[in-house]
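**Student:** Questions regarding the structure given below will be posed in turn.
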Amino acid sequence: MKVTLNWLKQYVDFNWSPEEMTERLTMLGLEVEGVQKLGGEFEGIVVAQVLQKDRHPNADKLWLCKVADGQGERQIVCGAQNFNVGDKVPLILPGASLPAKPGEAPFTIKVGKIRGVESHGMMCSPQELGLPDQVDGLLLLKTDARVVQAFAEYLGRSGSDFI
């Protein structure tokens, strides 16, 4: 059976860490197969808004975009075709990793040059985020999504909960 710590706290009064809960359950004779941070696979991914979209100067199929991430503006090089200025999208920040596919190492995003132009992050498709949606391009978020909001929070997955 899988339960979240926050759900369990609705019925039992305790203030233990996930590690301490695992130890206590094991000592009671209950097997704990693992602990997983809920929403942890989306750390470093925020809701951003596209402010500007221009053709890349050195590539026909790439866009040079400015996006607002709540902390400022970032320049992003993007190959998707399904977005417009004003759209809200998931943005993974440099230093963060995309959710790993089973059997693969996570891919960490860094500031890099794409066809001679620096890109400071990556706007994401559902497939890149490991989500079931099948979209040809970026995952476009609802208009009421809050810029700078953690993507896990936007999805309703609390980063402070554990399974």
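This table checks each residue for (1) modelled with pLDDT of 95 or more; (2) in a helix (DSSP H, G or I); (3) over 27 Å from the mean Cα position of the chain (by Cα).
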{"site": "Phe14", "(1), (2), (3)": "no, no, yes"}
{"site": "Glu20", "(1), (2), (3)": "no, yes, yes"}
{"site": "Thr26", "(1), (2), (3)": "no, yes, yes"}
{"site": "Leu30", "(1), (2), (3)": "no, no, yes"}
{"site": "Glu41", "(1), (2), (3)": "no, yes, no"}
{"site": "Gln49", "(1), (2), (3)": "yes, no, no"}
{"site": "Gln52", "(1), (2), (3)": "yes, no, no"}
{"site": "Lys66", "(1), (2), (3)": "yes, no, no"}
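**Student:** Does Lys61 fit the bill of being surrounded by fewer than 12 Cβ atoms within 10 Å (Cβ to Cβ), of a type in the set (Lys, Arg), modelled with pLDDT of 90 or more and over 18 Å from Ala152 (Cβ atoms)?
**Tutor:** Yes; evaluated as a whole, the condition is true for this residue.
**Student:** Out of contact with any helix residue (DSSP H, G or I) (no Cβ under 6 Å at 6 or more places or on another chain) and at pLDDT 95 or above: which single residue out of Lys88, Lys101 fits that description?
**Tutor:** Lys88
**Student:** Any chance the stretch 96-112 includes a residue that's among the hydrophobic types (A, V, I, L, M, F, W, C), part of a strand (DSSP E or B) and under 15 Å from the mean Cα position of the chain (by Cα)?
**Tutor:** For the stretch 96-112, residues among the hydrophobic types (A, V, I, L, M, F, W, C), part of a strand (DSSP E or B) and under 15 Å from the mean Cα position of the chain (by Cα): absent.
**Student:** Related question: So which residues in the stretch 85-108 are in contact (Cβ under 8 Å) with a residue 40 or more places away in the chain and surrounded by 15 or more Cβ atoms within 10 Å (Cβ to Cβ)?
**Tutor:** Result: Asp87, Lys88, Val89, Pro90, Leu91, Ile92, Leu93, Ala96, Ser97, Pro99.
The values are calculated or read from the model by the stated rules, or taken from the named source; none is laboratory data. Note that this is a predicted model, so its numbers are computed, not measured. Using ideal geometry, Cβ is built from the backbone for each residue, glycine included, and neighbour counts are taken over all protein chains shown.
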